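This report refers to the structure that appears directly beneath it.
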């Protein structure tokens, strides 16, 4: 049986993930997951394994090379870590078939990490992907009726 990490150790995993994001390091972000890790994502559906997780991060960083993440809160409750953040970036390259538009995106997100030791075994992401598609112009929003 794997030992449950302390709050400080789990915080260090979160810090490692955030650092890899700041460096736009898809390999480093994937390395924070178990080899057979699972990520459930509105944008990329269900990803299984480090290679798929790495490819999804690489695709996002290609589309939004200036992506930033501002962490609003982290809740550590071993063996879980919850992260609440705001993501922003500029749509520069192809994204779901749409060539770069130069439009800025910003969305709030939350992620729940189920840990196995110091690696993420399962990650669930929650954010408004439809809102992201509207921001880059893939979808059009209907104006609200008065």
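Is it the case that some residue within segment 30-40 is surrounded by 14 or more Cβ atoms within 10 Å (Cβ to Cβ), more than 16 Å from residue 14 (Cα to Cα) and at pLDDT below 95?
no
Scanning segment 54-61 turns up no residue that is in contact with a strand residue (DSSP E or B) (Cβ under 7 Å, 6 or more places away or on another chain), within 21 Å of residue 21 (Cβ to Cβ) and in a strand (DSSP E or B). For the condition surrounded by 15 or more Cβ atoms within 10 Å (Cβ to Cβ) and in contact with a strand residue (DSSP E or B) (Cβ under 6 Å, 6 or more places away or on another chain), what is the one hit in 111, 100? Exactly one residue qualifies, and that residue is 111.
Could you tell me whether segment 120-128 includes any residue that is out of contact with any strand residue (DSSP E or B) (no Cβ under 7 Å at 6 or more places or on another chain), farther than 17 Å from residue 71 by Cβ and in a strand (DSSP E or B)? The answer is no, given that none of the residues of segment 120-128 is out of contact with any strand residue (DSSP E or B) (no Cβ under 7 Å at 6 or more places or on another chain), farther than 17 Å from residue 71 by Cβ and in a strand (DSSP E or B). Within segment 18-49, being outside any helix (DSSP H, G or I), in contact with a helix residue (DSSP H, G or I) (Cβ under 6 Å, 6 or more places away or on another chain) and under 16 Å from residue 111 (Cα atoms) holds for 32, 33, 39, 42, 43, 44, 47.
Answer yes or no: is there a residue in segment 123-139 that is surrounded by fewer than 18 Cβ atoms within 10 Å (Cβ to Cβ), without any contact (Cβ under 8 Å) to a residue 12 or more places away in the chain and touching a helix residue (DSSP H, G or I) at 6+ places or on another chain (Cβ under 7 Å). Yes, because at least one residue in segment 123-139 is surrounded by fewer than 18 Cβ atoms within 10 Å (Cβ to Cβ), without any contact (Cβ under 8 Å) to a residue 12 or more places away in the chain and touching a helix residue (DSSP H, G or I) at 6+ places or on another chain (Cβ under 7 Å).
Condition check for residue 102 on (1) part of a strand (DSSP E or B); (2) more than 12 Å from the chain's Cα centre (by Cα); (3) over 15 Å from residue 21 (Cβ atoms): one failure, at (1). Of all residues in segment 30-54, those that are over 17 Å from residue 80 (Cα atoms) have Cβ atoms under 6 Å from Cβ atoms of residues that are assigned to a loop (DSSP other than H, G, I, E, B) and at pLDDT 95 or above, 6 or more apart or on another chain, in 36/49. The sole residue among 6, 68 that is surrounded by fewer than 16 Cβ atoms within 10 Å (Cβ to Cβ) and in contact with a strand residue (DSSP E or B) (Cβ under 7 Å, 6 or more places away or on another chain) is 68.
Scanning segment 9-29 for residues that are over 14 Å from the mean Cα position of the chain (by Cα) and crowded, with 16+ Cβ neighbours inside 10 Å yields 10, 13. Somewhere in segment 78-92, is a residue touching a residue at least 12 places away in the same chain (Cβ under 8 Å), more than 21 Å from residue 19 (Cβ to Cβ), in contact with a helix residue (DSSP H, G or I) (Cβ under 9 Å, 6 or more places away or on another chain) and part of a strand (DSSP E or B)? No, there is no match, as no residue in segment 78-92 is touching a residue at least 12 places away in the same chain (Cβ under 8 Å), more than 21 Å from residue 19 (Cβ to Cβ), in contact with a helix residue (DSSP H, G or I) (Cβ under 9 Å, 6 or more places away or on another chain) and part of a strand (DSSP E or B).
The values are calculated or read from the model by the stated rules, or taken from the named source; none is laboratory data. Remember, predicted model here, so these are calculated numbers, not experimental data. So basically every Cβ, Gly included, is an ideal-geometry build from the backbone, and we count neighbours across all protein chains shown.
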